[in-house]
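Read the figures in this text as sums done on the coordinates, not as results from a lab. As the structure is a prediction and not an experimental result, all values here were calculated from the model. Ideal geometry is used to build each Cβ from the backbone, glycine not excepted, and the neighbour counts take in all protein chains shown.
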């Protein structure tokens with residue numbers, strides 16, 4: 001695994017100089033990379049076609065092939081993404097606090113890059129450009145480990161942007177795409193403490209689990225979203241149907257999509273048929289508790305496992321609950337601390353839900369689909385953290401930084 | 001290991017109510033605990049005596065027995081520590097940012113407790129009270145895993161404070177001392193994802209290493225400090241001697257003590273004899289490179305391993321370097337990203353050192369011994385983080401919190 005370590009060492013070495021670049025220079029690098037992607041689009045598309053052909057030959061799913069496939073417009077999207085990141089405020093150097101201590105020491109809390117970000121993802125070549133943009137803008141070098149199905153595409157993207165970036169002043173070695181796409185190399189990468197500062201997995205539950213189990217580097221748990229809509233006694237039922245429909249069906253495969261519906265028993269008999277009718281437009285399957293099945297003959301019985309499941313599909317688990325307190329307890333037990341919403345007109349129940357539900361984002365009367373860096377106004381995101389340390393919710397540029405205490409003295413001792 | 005899980009589950013359950021307590025109530029709980037410790041001091045000292053007797057019978061080191069031993073004044077110190085924490089600002093509920101989005105959504109970033117802190121430490125019963133004070137004040141429940149040598153003492157401390165705290169309104173179960181002090185129980189505790197939100201080890205390198213290797217819960221790497229003093233070409237050599245002496249000898253067993261001296265070659269022949277003379281007052285052994293040994297006949301040759309070593313003892317590794325750049329490279333290779341200081345009168349070299357040394361705290365012309373929550377004005381600390389994620393440097397109350405996005409809508413969908 002010496003070849004994996006060598007790539008991480010090169011990134012680490014480059015990170016010291018990269019961390020000292022000014023905002024203007026980093027932006028010039030990002031814009032050069034964006035132009036290069038567009039200029040090299042024919043070469044990138046040719047390499048991408050090899051990946052797509054191989055995936056088809058291997059009988060991979062249509063969804064995977066869709067995520068894997070690039071086009072002129074997707075490459076333009078990647079380039080525009082880099083330009084947008086260039087337009088965002090630079091988090092580095094932002095003034096935080098300065099303390100003058102009684103002994104005369106001046107302590108400045110300074111925001112600095114993490115060093116080297118390790119980004120692990122699946123067969124989506126556009127993540128390659130996104131991850132490079134965010135890490136470079138925040139002053140970090142990056143080690144990328146993309147899915148093996150996208151290897152030719154990723155190499156083409158990296159070759160294009162690295163050439164342009166180095167000409168624009170990016171320290172050599174700052175962007176590394178792992179050339180070994182084996183599982184062993186990925187697992188080894190998770191243990192490179194001292195070289196990689198943070199590990200950010202972007203992908204499905206299997207990847208996240210592997211990182212939790214194998215990583216010795218600090219990692220950010222991202223993306224798993226077993227999100228709930230709770231319809232309270234006093235809910236506007238029509239609003240509830242719209243928000244449920246939006247959360248479940250607008251884009252079911254993403255982490256902020258709704259997976260589970262909780263309904264207060266006082267409104268269940270009214271709400272469930274309304275909800276089922278609307279969600280039938282998209283053929284959503286309802287898997288419910290005994291009370292749900294008694295009200296809604298189309299529902300099939302849910303198992304305990306259903307309530308823990310992130311379907312990422314047109315399936316919804318449903319449970320009738322006594323009140324907001326049972327809803328809160330249910331969410332805190334079965335949820336993944338991602339995004340949760342209550343539909344209510346009751347001030348106290350809204351407050352109870354927002355105070356007591358333990359999640360990155362808690363909503364009253366809005367869709368969970370808003371938990372997203374762009375929707376929050378951060379401009380871009382590297383992922384959505386469902387853990388509590390370092391970052392929670394959508395992670396933007398600031399979440400790719402750390403702090404450093406810089407202390408000026410005149411000979412002070414203790 | 002069901003008994004360990006049960007304790008963590010009880011803490012988790014209590015954490016929801018605890019997180020909602022107001023500052024006044026948390027402070028009343030802290031003050032009640034402080035009074036209880038003083039009132040129960042005879043009982044605590046009696047239990048402590050059992051631990052001390054057992055440690056002596058087992059032939060444990062004098063240093064361990066010193067850390068283990070309580071006295072009236074140490075108990076008073078624990079009580080005063082709780083009172084001090086009560087006097088600190090409450091980090092919970094502090095206003096952060098509010099965004100009003102174009103679609104009308106109101107997004108508030110709210111500071112909230114982490115949930116349950118897992119604190120692992122060695123045979124120092126006073127850490128029990130410190131850790132309880134900081135976690136409760138920040139609205140967190142706590143699972144404590146203290147060293148087995150201090151088990152009777154820790155139980156007496158916990159019994160005293162828990163009784164008083166519950167009477168003052170602390171939710172039952174919020175403070176848990178692991179009753180199984182086996183290594184297996186500790187390792188199991190490190191894997192209780194979903195119950196314990198963060199693991200903070202307070203202790204030696206062995207404990208930290210075990211956490212890095214075994215924990216699946218997010219953990220904070222704390223405490224290892226291979227701290228350097230670099231004497232630059234333009235240094236005030238007398239100031240350098242004073243800062244080196246302070247850093248090396250004032251309290252050699254702590255993490256912010258100096259372990260290694262780097263000297264610019266232009267001043268090595270002048271500085272090394274001065275430094276050796278002063279540090280001889282405390283019989284400090286110098287382990288040096290070839291150039292050091294040529295200048296200082298009392299020095300013994302250093303091995304490569306010496307430069308990586310946190311001695312925590314009256315030993316100093318020494319290396320003559322060409323200039324500030326070699327000093328920076330050496331520190332970034334051998335250091336532990338804790339605290340580093342340059343002694344210089346050169347503006348540019350100070351700036352180079354402060355910008356390029358990758359550590360939680362970088363100093364010019366001051367002792368590394370100041371890296372400490374109290375010295376920084378935070379009032380108290382739960383540990384000193386040497387990692388970059390979540391917290392870096394001294395960790396106070398704010399570092400025991402996370403954030404939560406609270407979003408108020410009126411029916412918004414995407």
Item to check | Relative exposure of A:75, B:208, B:29, A:343, judged by other C-beta atoms within 10 Å (fewest first) | outcome: B:208, A:75, B:29, A:343
Checklist outcome for this item: Sorting from shortest, the nanometre distances separating the label point of residue A:266 (7 Å past Cα along the line to Cβ) from those of the same residue in the other copies are 8.1
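What is region B:348-397's relative contact order, in percent, from Cα pairs under 8 angstrom and six or more apart in sequence?
On the way: 52 pairs, mean separation 14.3, N = 50.
Computed over region B:348-397, the figure is 29 percent.
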Checklist entry - Within 10 Å of each Cβ of B:107-116, how many other protein chain Cβ atoms are there on average? => result 3
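Looking only at the protein assembly as shown, where both bridge partners belong to it, what percent of the DSSP beta bridges are antiparallel (to the nearest 5)?
On the way: 32 of 118 bridges.
Restricted to the protein assembly as shown, the bridges split so that about 25 percent are antiparallel.
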Checklist entry - Which residue, B:88, B:30, B:96, tops the fluctuation ranking in a GNM of chain B built on C-alpha contacts under 10 Å? => result B:96
Next on the checklist: Just to be sure I understand: with springs between alpha-carbon atoms less than 10 Å apart, which residue in B:244, B:316, B:389 has the highest mean-square fluctuation in the Gaussian network model of chain B?
Outcome noted: B:389
Checklist outcome for this item: Neighbour-count ranking for B:31, A:114 (other C-beta within 10 angstrom, fewest to most) reads B:31, A:114
Item to check | Whether region B:227-370 is rounded, prolate or oblate, judged on the alpha carbon gyration tensor where a/c under 1.5 counts as rounded | outcome: rounded
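Taking Cα pairs under 8 Å and at least six residues apart, what relative contact order does region A:227-370 come out at, in percent? Provide the component values of the computation, followed by the final result.
Details: 281 pairs, mean separation 47.7, N = 144.
With pairs under 8 Å counted, the relative contact order is 33 percent.
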Checklist entry - How far is the Cα center of region A:38-70 from the Cα center of region A:290-336, in Å? => result 38
Next on the checklist: Checking the a/c ratio against 1.5 first, then a/b against b/c, what shape does the Cα gyration tensor give for region A:112-218?
Outcome noted: oblate
Item to check | Whole-number Å³ per residue for the convex hull built on Cα positions in chain A | outcome: 170
Next on the checklist: Placing the label point 7 Å from Cα along the Cα-to-Cβ direction, what are the distances from residue A:345 to the equivalent spots in the other copies, shortest first, in nm to one decimal?
Outcome noted: 7.8
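Taking the mean number of other Cβ atoms within 10 Å as a proxy for protection, how do you rank A:294-307, A:176-189 from highest to lowest? Show your work: numbers first, answer last.
Working: A:294-307: 14.6, A:176-189: 17.1.
By packing density, highest mean first, the sequence is A:176-189, A:294-307.
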Checklist entry - Where the centroid of each part is defined by its Cα atoms, how far is region B:350-414 from region B:78-100 in Å? => result 15
Checklist entry - Measuring from a point 7 Å out along Cα→Cβ, what nm distances, shortest first, does residue B:96 have to its partners in the other copies? => result 1.4
Checklist outcome for this item: Comparing A:130, A:24, A:372 in a Gaussian network model of chain A (Cα, 10 Å), the one with the largest mean-square fluctuation is A:24
Item to check | Axis-proximal residue, chain A, for the rotation superposing A on B (Cβ, Å) | outcome: A:390, 2
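Counting partner chain Cβ atoms within 10 Å of every residue's Cβ in B:397-409, what's the average?
Working: counts 0, 0, 1, 0, 1, 10, 5, 12, 12, 9, 14, 7, 10.
Mean partner-chain Cβ count within 10 Å for B:397-409: 6.
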Item to check | Alpha carbon centroid spacing (whole Å) that separates region A:203-270 from region B:133-150 | outcome: 33
Checklist entry - Of A:107, B:44, how do they rank once you tally other Cβ atoms within 10 Å and put the fewest first? => result A:107, B:44
Item to check | Gyration tensor (alpha-carbon) shape descriptor, the protein assembly as shown, a/c threshold 1.5 | outcome: oblate
Next on the checklist: Please compute the contact order of chain B in relative form: average sequence separation of alpha-carbon pairs under 8 Å and at least six residues apart, divided by the residue count, as a percent.
Outcome noted: 18
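Quick check on region A:227-370: of the DSSP beta bridges with both residues there, what percent are antiparallel, nearest 5%?
On the way: 0 of 24 bridges.
Rounded to the nearest five, the antiparallel share is 0 percent.
Is it possible to state the helix-based mean residue ellipticity at 222 nm for chain A, with each DSSP H run of 4+ residues giving -39500 (n - 2.57), the sum divided by total residues, to the nearest 500 deg cm²/dmol? What is it?
Working: 15 runs with 182 residues, N = 414.
Result for chain A: -13500 deg cm²/dmol, rounded to the nearest 500.
Across peptide A:209-221, how many C-beta atoms of other chains are within 10 Å of each residue C-beta, on average?
Working: counts 1, 0, 1, 5, 2, 1, 1, 6, 3, 9, 2, 3, 2.
Mean partner-chain Cβ count within 10 Å for A:209-221: 3.
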